[in-house]
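The structure under discussion appears below in the form of structure tokens.
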Amino acid sequence: VHSRFNLMDETLFLTVNILDRFLQRRTIMRKNLQLVGLTAMLVACKYEEVLVPVINDFILISDNAYSREQVLGM
């Protein structure tokens, strides 16, 4: 996802940091790990990127595995 959107390395590093901190505090089912990762990357993009991919782009790249509401609800 990071390379597909041509994001900065800092965005990837912040994504991993957000994901690590979330997983330290919450236990999630494996089927939701991709959703948590996408949401972490969306948050990281909002901090690091000038042009932030829209939520629908994240949904499409995940092969429509999640709805807009699921991403926003995370």
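Every number in this text was worked out from the coordinates using simple rules, so none of it is lab data. As the structure is a computational prediction, the values presented were derived from the model and not from experiment. A quick note on method: Cβ atoms are made from the backbone with ideal geometry, for glycine too, and the neighbour counts reach across all protein chains shown.
Only one of (1) 15, 22, 18, 14, 12, 10, 7, 2, 0; (2) 19, 56, 24, 0; (3) 18, 34, 26, 16, 5, 0 was calculated from the structure for P(r) over Cα pairs in 10 Å bins from 0, in percent, and its label is (2).
In a simple Cβ point-charge model (Lys, Arg +1; Asp, Glu -1; nothing else charged), the range 9-73 has a dipole of about 440 debye relative to its Cα centre. When each of Leu51, Leu38 is scored by the number of other beta-carbon atoms lying within 10 Å, the sequence from fewest to most is Leu51, Leu38.
Each of Glu10, Glu49, Glu69 was scored by other Cβ atoms within 10 Å of its Cβ. Arranged with the fewest first, they read Glu69, Glu10, Glu49.
Taking the centroid of alpha carbons for each part, the range 55-70 and the range 1-35 are 15 Å apart. Along the axis of the charge dipole computed for the chain (Cβ charges of +1 for Lys and Arg, -1 for Asp and Glu, origin at the Cα centre), the listed residues Leu14, Ala44, Asn32 are led at the positive end by Asn32.
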